[in-house]
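This report refers to the structure that appears directly beneath it.
The values are calculated or read from the model by the stated rules, or taken from the named source; none is laboratory data. Just so it is clear, the model here is predicted, and its values are computed rather than measured. Don't worry about glycine lacking a Cβ; one is built from the backbone with ideal geometry, like all the others, and counts go over all protein chains shown. Protein only, heavy atoms only, side chains kept; ligands, DNA and RNA dropped before computing areas. Shrake-Rupley method; radii C 1.70, N 1.55, O 1.52, S 1.80 Å.
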Amino acid sequence: AIGIELVVLAAWLPDTFDVWFRPDTAGYGDFPIFYRQGQHFSLNATYSPGLGVLMHPLAYFSMRVAFMIYTGVNVAAVLGVAFVAQRSVKSLPAKAAVALGVLALPQTHWAIRVGHFAPVLALAMLCGMMLAERRPVAAGLMIGVLALKPQYLPVPVLYFLWSRNWRALASSAGTLFALGLAGIAVMVWKEGAGLVPYVAH
């Protein structure tokens, strides 16, 4: 398994690094949408209004530099997922196989190349579900981050309902509303006389 994973990494990594360090020649994928949302505090139909607030600091850089920073955050999240995942097994070969499995997954490289923030959401989801029983408030905060892409929220929310983890559910709801309200508040402030959002395309 480790040998196969290393071969896959050898095949995927060069193009992934190329996209990271030369995004203007390889293409930014979804990132320009998020970048513009950060510039204009705009609405995007499938994402939380809070995404514009979180992305705004990157708008002070050129799109190329911003994409490199953003990709670095995604890579750090992937490494975080790999680290957390390998903790569930004991032998060194098993730990290597689990960690490399995360790093060599084609979908991981696809998400990084197209400029999606799925690795960050994956890390938040993983930490949230692991903390659900021991630290429900922290778990809810992690799961609430999924509100940036609301389609990912139903399953963990249903799990909290099924397990009657009300503290985690309340914390998730609080994070969801805080992100949304922060984005809307900034847009209202920006527009001055009412909410006339720019819709990213």
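What shape does region 95-191 take by its C-alpha gyration tensor, where a ≥ b ≥ c are the square roots of the eigenvalues and a/c under 1.5 counts as rounded, a/b above b/c as prolate, and the rest as oblate? Provide the component values of the computation, followed by the final result.
Numbers: a/c = 2.69, a/b = 1.20, b/c = 2.24.
Because a/c hits 1.5 or more and a/b fails to exceed b/c, region 95-191 counts as oblate.
Heavy-atom accessible surface of residue 166, to the nearest 10 Å², is about 140 Å², with a 1.4 Å probe and all protein chains retained.
Label separation (residue 162 vs residue 69): 4.0 nm, computed from points 7 Å beyond Cα along the C-beta direction. Converting phi to 3J(HN,Hα) with the Karplus coefficients 6.51, -1.76 and 1.60 and the offset θ = phi - 60°, region 119-128 yields x, 5, 5, 5, 5, 4, 5, 4, 5, x Hz in sequence order, with x at every glycine or proline. The heavy atoms of residue 135 present about 150 square angstrom of accessible area, all protein chains included, probe 1.4 Å. Which percent of the accessible heavy-atom area of region 4-102 goes to carbon and sulfur, probe 1.4 angstrom? Accessible surface attributable to carbon and sulfur in region 4-102 totals 72 percent.
Decide, for region 61-129, between rounded, prolate and oblate: order the square roots of the alpha carbon gyration tensor eigenvalues as a ≥ b ≥ c, take rounded if a/c falls under 1.5, and otherwise choose prolate if a/b is larger than b/c, else oblate. Show your work: numbers first, answer last.
Details: a/c = 2.65, a/b = 2.07, b/c = 1.28.
Judged from the Cα gyration tensor, region 61-129 comes out prolate (a/c at least 1.5, a/b above b/c).
Using a cutoff of 8 angstrom between alpha carbon atoms and counting only pairs six or more residues apart, the relative contact order for region 60-153 works out to 23 percent. Taking amide H as placed 1.01 Å from N in the peptide plane, residue 149 has its amide H under 5 Å from the amide H of 48, each at least 5 places away in sequence or on another chain. Per the Debye formula on identical point scatterers at the alpha carbon atoms of region 25-149, with no solvent, log10 I(q)/I(0) at q = 0.12, 0.23 Å⁻¹ is -0.51, -1.31. In the assembled protein chains, residue 172 presents an accessible area of approximately 10 Å² (probe radius 1.4 Å). Considering only C-alpha atoms, what is the centroid distance from region 90-111 to region 43-64, in Å? About 30 Å separates the Cα centre of region 90-111 from the one of region 43-64. 3J(HN,Hα) along region 157-165, derived from phi through the Karplus expression 6.51 cos²θ - 1.76 cosθ + 1.60 where θ = phi - 60°, amounts to 5, 5, 5, 4, 5, 4, 8, 6, 8 Hz, with x in place of Gly and Pro. Applied to region 71-77, the Karplus parametrisation 6.51 cos²θ - 1.76 cosθ + 1.60 on θ = phi - 60° returns per-residue 3J(HN,Hα) values of 5, x, 5, 4, 5, 4, 5 Hz, with x for Gly and Pro.
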